[in-house]
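These notes are about the structure you will find just below.
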Amino acid sequence: MRLDHINLPAQKPEWLADWYAETFDLRARDGFVLGAGVVIVFEKGDPLIYDGNAQFGFRCDSKDQVLKWAEKLAVSVEDEAVYCGFTATDPEGYVFDVYWEAPAG
């Protein structure tokens, strides 16, 4: 899974970091979420207002990885030959995608 880097305001930064770490098998420390290919930084503040377009995405290495997270979050998956993914919302209202795309070629 990859999400190179994102900074987001959160009402409860450490709590939200713990939620991402637990949900996606990552590590949390002082409002940071860390893992291979993933860095999320939560800072104290009001969450950004979702306007229908603002979201971020975790790119997975396989369909199986996407399906694992979808089952854990109890969400529906769009599963096609060249794409597998879903959209979900975290406890503070941030919208994110988890997806896999077949390599080009």
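When the residues of segment 74-105 are filtered to those that are assigned to a strand (DSSP E or B) and hydrophobic (A, V, I, L, M, F, W, C), the one that is farthest from F56 (Cα to Cα) is C84. Set side by side, the residues D90, D25 differ, and just one is of a type in the set (D, E) and closer than 13 Å to I6 by Cβ, which is D90.
Filter segment 26-60 down to the residues that are charged (D, E, K, R) and in contact with a helix residue (DSSP H, G or I) (Cβ under 9 Å, 6 or more places away or on another chain) and list them by number.
The first filter runs over segment 26-60 and keeps only residues charged (D, E, K, R), leaving 27, 29-30, 43-44, 46, 51, 59.
Result: R27, R29, D30, E43, K44.
Within segment 62-105, being in contact (Cβ under 8 Å) with a residue 12 or more places away in the chain and of a type in the set (A, V, I, L, M) holds for V66, L67, A70, L73, V75, A81, V82, A88, V95, V98, A102. The residues in segment 21-72 that are within 17 Å of E92 (Cα to Cα) and part of a helix (DSSP H, G or I) can be counted, and the count is 3.
Tell me whether segment 80-95 contains one or more residues that are farther than 23 Å from L8 by Cα, in contact with a helix residue (DSSP H, G or I) (Cβ under 8 Å, 6 or more places away or on another chain) and of a type outside the set (A, V, I, L, M, F, W, C).
We begin by selecting, within segment 80-95, every residue farther than 23 Å from L8 by Cα; these are 80-84.
Now restrict to residues that are in contact with a helix residue (DSSP H, G or I) (Cβ under 8 Å, 6 or more places away or on another chain): 84.
Still in the list and also of a type outside the set (A, V, I, L, M, F, W, C): none.
No, that holds for no residue.
Name the single residue, out of those in segment 31-79 being in contact with a Pro (Cβ under 8 Å, 6 or more places away or on another chain) and surrounded by fewer than 12 Cβ atoms within 10 Å (Cβ to Cβ), that is nearest to K12 (Cα to Cα). Break it down into steps so the answer makes sense when it comes.
As a first pass, look at segment 31-79 and keep what is in contact with a Pro (Cβ under 8 Å, 6 or more places away or on another chain): 31, 42-48.
So of that shortlist, the ones also surrounded by fewer than 12 Cβ atoms within 10 Å (Cβ to Cβ) come out as 43-46.
Numbers: E43: 8, K44: 7, G45: 8, D46: 9 Å.
Taking the candidates together, the pick is K44.
Quick note: the coordinates plus some simple rules give every number you see, no bench work behind them. As the structure is a prediction and not an experimental result, all values here were calculated from the model. Cβ sites come from the backbone with ideal geometry, for glycine too, and all protein chains shown count toward neighbours.
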